[in-house]
Amino acid sequence: MSVLISGLAQAGQGQPIRYLALGDSYTIGEAVAESERWPMQLAAALRRDGIELATPRIIAKTGWTTDELSAAMDTAEPLGRWDLVSLLIGVNNQYRGRDLPEFEQQFEGLLLRAMALVGGHPDRLFVVTIPDWGVTPFAEGRDRSEIGKQLDAFNAAVQRIAGRHDVKVVDIAPISRLRGAEPAMVASDGLHPSGKLYTLWTERAIPVVRDLLSHR
């Protein structure tokens, strides 16, 4: 670990690593404390490893679809360049019944915009798969199996598009499906992850992000 940290310090030239997280309710951490959001937990975990990471900038809002995130990026002040960017989006496209081809086109557009924010370097960008909200109490009375099938299709598109551009994927979908129905893993709204489930997401992300940062 000391070799990795030393390499990161040299690559960063003493400047904190600037991290931008793009997404929706799962990135802004609906119904949990700010410190429990997974980008914040990720930053804290990396700092404990000696990696100097600035406080993450989050552009995300509950309910956003791919096109709404893109529009929000349009209206933000010039975002400039970042050392690390994450992208997690798409659940609201599925929830609203938007079709898969539209999602694929818009997701790829967002991925390319995100890559531009890191200077065109795919090894400074990662995407996160969409969790399965169909296992949560909120989905009671709905067709949980169909929700899962649709999200599987969306996540297959995420994996395929990310692979096309050599972008790493942090696959939290299996964790959300396996653990997301547990009372301790669900926030008070019965839909979104609790801080404890976000911790499991963070644990899945840490080795991927460490590897990305080691190549800066």
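Only the coordinates and a few stated rules stand behind these numbers; no lab work does. From a predicted model like this one, the values you see are computed outputs, not experimental measurements. Here the Cβ positions follow ideal geometry from the backbone for every residue, glycine too, while neighbour counts run over all protein chains shown.
Things to note:
- At q = 0.28 Å⁻¹, base-10 log of I(q)/I(0) for the range 13-63 (Debye sum, equal scatterers on each alpha carbon): -1.04
- The length gained on full extension between Ser35 and Tyr95, counted as 0.36 nm times the residue separation minus their Cα-Cα distance, comes to 18.9 nm.
- Long-range amide H partners of Val170 with built H, under 5 Å: Val127, Val128, Thr129
- Angle in degrees between helix 100-117 and the longest Cα principal axis of the chain, rounded to the nearest 10: 20 degrees
- Inter-label distance, nm, simple model (7 Å from Cα along the C-beta direction), His215/Arg48: 2.7 nm
- Converting phi to 3J(HN,Hα) with the Karplus coefficients 6.51, -1.76 and 1.60 and the offset θ = phi - 60°, the range 20-36 yields 10, 10, 10, x, 9, 4, 6, 8, 6, x, 3, 6, 10, 5, 4, 5, 8 Hz in sequence order, with x at every glycine or proline.
- Reduced Cα scattering model of the chain, Debye log10 I(q)/I(0), q = 0.08, 0.16, 0.18, 0.19 Å⁻¹: -0.26, -1.07, -1.34, -1.48
- Put simply, the Cα atoms of the range 103-170 extend 46, 18, 16 Å along their principal axes, the longest span coming first.
- For the peptides 67-75, 194-202, the ranking by mean Cβ contacts within 10 Å, running from highest to lowest, is 194-202, 67-75.
- For the pair Asp143 and Val208, the difference between a 0.36 nm per residue extended length and the Cα-Cα distance amounts to 20.1 nm.
- Spacing of the modelled spin labels on Lys196 and Ala72, each 7 Å from Cα toward Cβ, amounts to 2.8 nm.
- Partners of Lys168 within straight-line reach, counting aspartates and glutamates whose Cα lies under 13 Å from its Cα and excluding those fewer than 8 residues away in the same chain: Asp123, Asp211.
- Sorted peptide list for 159-171, 130-142, criterion being average Cβ within 10 angstrom, highest first: 130-142, 159-171
- Separation of the range 147-188 and the range 88-124, taken as the distance between their Cα centroids, equals 14 angstrom.
- Crossing angle, helix 144-164 versus the chain [Cα axis fit, 0-90 degrees, rounded to tens]: 30 degrees
- For the range 15-214, relative contact order (Cα pairs under 8 Å, six or more residues apart, normalised by length) works out to 24 percent.
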